[in-house]
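Contents: one structure, followed by commentary.
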Amino acid sequence: MVLVEKGTFQMGGLWGDGANFESPVHEVTFTNDLLIGKYEVTFDEYDAFCEETGRTKPGDEGWGRGSRPVINVSWHDAIAYCNWLSQKETLPFAYDSNGNLLDNNGEITVDTINVAGYRLPTEAEWEFAARGGTKSSGFEYAGSNSLEEVGWFDSNSEGMTHEVGQKLPNDLGLYDMSGNVWEWCSDMFDEYPDSPQINPYKTIGFGGPVMRGGSWEYEARSAWVASRDCGSEFAKSNGLGFRICRTIPDPADTAAFPDKGIVLLLPEDKAVFENFPRLMKFEWLPVNLPEGTTYQIEIEYCWKFSNSIDEPEFFGIWAEGNYSPWISRSGLTATVLDHEFIGSQPGRWRVGYKDESGEIKWTDWRYFRFH
């Protein structure tokens, strides 16, 4: 899954006459980060769900299964998959049997930030992610102004779906947000408001669940990041699938966090800290924590640094004598993803030098990114 950092964007578009209800353009703000599927859910993944639950596997039209996006699944099939995945990871269900969102206590809610389990993205979350989130380059399609580069549509699909991840990703590293298959969203289709919205979620509209992204059998217009459509919640199609997401809890909400005493850190080579004269490497150990759990982590320790510093101006501090004691301090946000802690971008790093009086003189925070 891919991290989509919270932010604000302009949702909707003004293409053509606006017949598909893509206007008015309006401001949408998200107050929490999101994890969203890097790819559309595949047949391999959905078939495992069917085998474990005894459901009938959907047809593949003779095109093949494996890494192709699952098709011929209804909105209810998609949310059932989400609940199954939540159960496997001991998370609360995100939906009840009628498709209502459930909070962490199993109560019906319309506030997505209180939903801990796997779910479908809201229409607004989907568009924000498709545009590239806070890293958006402003493309018409998800990752390019040329749909040929990023998606399968009627002009290049040869009349079928294709394995996920074969085209270029968007600015966030998400694949097939434009084309291949339409994707179910969690909320219902309705006209857009003309005022700013925060974490919008529509439970009632004049249409069924929203579908986004276009598909292999539709023209390029359908794959535009602002294009929208809807279908019956029971509809199935060979051009319709889905991808999953999860809300990341706010770190300030300590009730959502398990005991922090089990956070482990070892000096290995998983994550490389850049912009530092001597590369420092750490690995987040596998942990048994709920997916999406976020921690604020502070690390501080002392070490010896030879005075043969190549770029002392990098820190603005000169070391004297053979060696001088240095203190390192780092602060970052780490999120549990695939049972490992993954640092958010950017993290931060700074060092300090103890003077003769023992006072620590800290440099400014310097920012690094994880590989």
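All of the numbers you see were taken from the coordinates with simple rules; none came from a lab. Since we're looking at a predicted model, the values are computed, not measured. Cβ sites come from the backbone with ideal geometry, for glycine too, and all protein chains shown count toward neighbours.
Some notes on this structure:
- If you wrap the Cα atoms of segment 1-248 in a convex hull and average its projected area over all directions, you get 11.8 nm².
- Rg over Rh, two decimals, segment 91-218 (C-alpha only, Kirkwood Rh): 1.01
- Additional length obtainable on full extension of the chain from F206 to S137, 0.36 nm per residue less Cα span: 21.6 nm
- Spin-label pair D96/A48, simplified geometry with 7 Å Cα→Cβ offset, distance in nm: 3.0
- Dimensions (Å) - segment 58-109, Cα atoms, principal axes, largest first: 42, 22, 11
- Given their separation in residues at 0.36 nm each and the Cα-Cα distance between them, I108 and H76 gain 9.8 nm when the chain is fully extended.
- Here the spin labels are modelled as points 7 Å beyond Cα on the Cα-Cβ line, and at E61 and Q87 they lie 3.0 nm apart.
- FRET efficiency for E27 and K236, using Cβ-Cβ distance with R0 set to 41 Å, rounded to 0.05: 0.70
- Exposure proxy order (Cβ contacts within 10 Å, fewest to most) of F43, F189: F189, F43
- Under 5 Å between amide hydrogens, built in the peptide plane, is the criterion, and for T42 it picks out V70 among residues at least 5 positions away or on other chains.
- Modelled spin labels at S146 and S195, positioned 7 Å past Cα toward Cβ, are 4.4 nm from each other.
- Cα gyration tensor, segment 1-70 - rounded (a/c under 1.5), prolate or oblate: oblate
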